[in-house]
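See structure below.
The values are calculated or read from the model by the stated rules, or taken from the named source; none is laboratory data. Since this is a predicted model, take the numbers as computed values, not measurements. Every residue, glycine among them, receives a Cβ derived from its backbone with ideal geometry; neighbour counts consider all protein chains shown. For accessibility, only protein heavy atoms count, side chains too; no ligands or nucleic acids. Shrake-Rupley method; radii C 1.70, N 1.55, O 1.52, S 1.80 Å.
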Amino acid sequence: MIEAPFSIADLRARATERLDLDHARLYRDLPAHERWGDHTLNPGAFQVAERRGGAPAAVLVPVVAHASAPTVLLTQRASHLRQHSGQIAFPGGRMDACDASPIECALREAREEIGLASRHVEPIAYLDPYVTGTGFRVFPVLAVVTPG
């Protein structure tokens with residue numbers, strides 16, 4: 001049996017069934033054993049993140065709605081950067097005071113990093129926050145991107 005390709009309609013249905021856009025729940029403090037992050041693979045990284053306070057950041061998880069099949073858009077960080085040079089990543093970064101929510105941060109960062117206009121982006125859900133060993137609590141924003 002050959003399965004049909006995963007569609008944007010499938011993505012929307014599954015995301016709205018299991019996830020939501022209530023960013024208040026993202027800020028609740030979870031016990032250490034319930035958090036996902038660098039500490040999952042490297043227990044020492046978790047202590048570093050805790051000491052630094054879990055500075056908020058957001059990334060856009062952009063699923064591009066191509067007619068043939070959806071794709072995920074990733075970026076490659078410039079090779080001349082001091083930190084994380086050459087890494088493959090989602091567009092995103094630290095939340096600024098002007099960002100009212102992780103969605104606003106993710107959209108701003110995507111616009112700054114790859115020129116993605118917000119009018120092409122439909123945020124549909126938050127994924128679980130991720131605590132990094134460098135001291136960030138990253139809020140992933142799942143979104144559908146209309147090519148254009």
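Which ³J(HN,Hα) values in Hz, rounded to whole numbers, follow from the phi angles of region 85-99 under the Karplus curve 6.51 cos²θ - 1.76 cosθ + 1.60, where θ = phi - 60° and Gly and Pro get x?
Once θ is set to phi - 60°, the couplings for region 85-99 become 4, x, 6, 8, 8, 7, x, x, x, 4, 6, 9, 4, 6, 8 Hz.
For the pair Ala97 and Gln76, what calculated FRET efficiency results from E = 1/(1 + (r/R0)^6), where r is the Cβ-Cβ distance and R0 = 30 Å, to the nearest 0.05? Walk me through the numbers before you get to the answer.
Working: r = 29 Å, r/R0 = 0.95.
Result of the calculation: an efficiency of 0.60.
Between Glu112 and His84, what is the label-point separation in nm under the 7 Å Cα-to-beta-carbon projection?
1.2
Would you mind checking which residues have amide H under 5 Å from Ala125's amide H? H placed 1.01 Å from N; only 5 or more apart, or other chain.
Leu142
Could you list which residues have their amide H under 5 Å from that of Val64, counting only those 5 or more apart in sequence or on another chain, with H placed in the peptide plane?
Thr71, Val72, Leu73, Val145
Quick one: order Thr71, Thr146, Thr132 from most to least accessible surface, probe 1.4 Å. List each step's numbers first, then the result.
On the way: Thr71 60, Thr146 80, Thr132 25 Å².
Result, largest first: Thr146, Thr71, Thr132.
Run the simple label-point estimate for His66 and His120 please: 7 Å along Cα→C-beta, distance reported in nm.
1.4
Residues of region 74-125: accessible area per residue at 1.4 Å, in Å²? Walk me through the numbers before you get to the answer.
On the way: 3180 Å² over 52 residues.
Here the per-residue accessible area is 61 Å².
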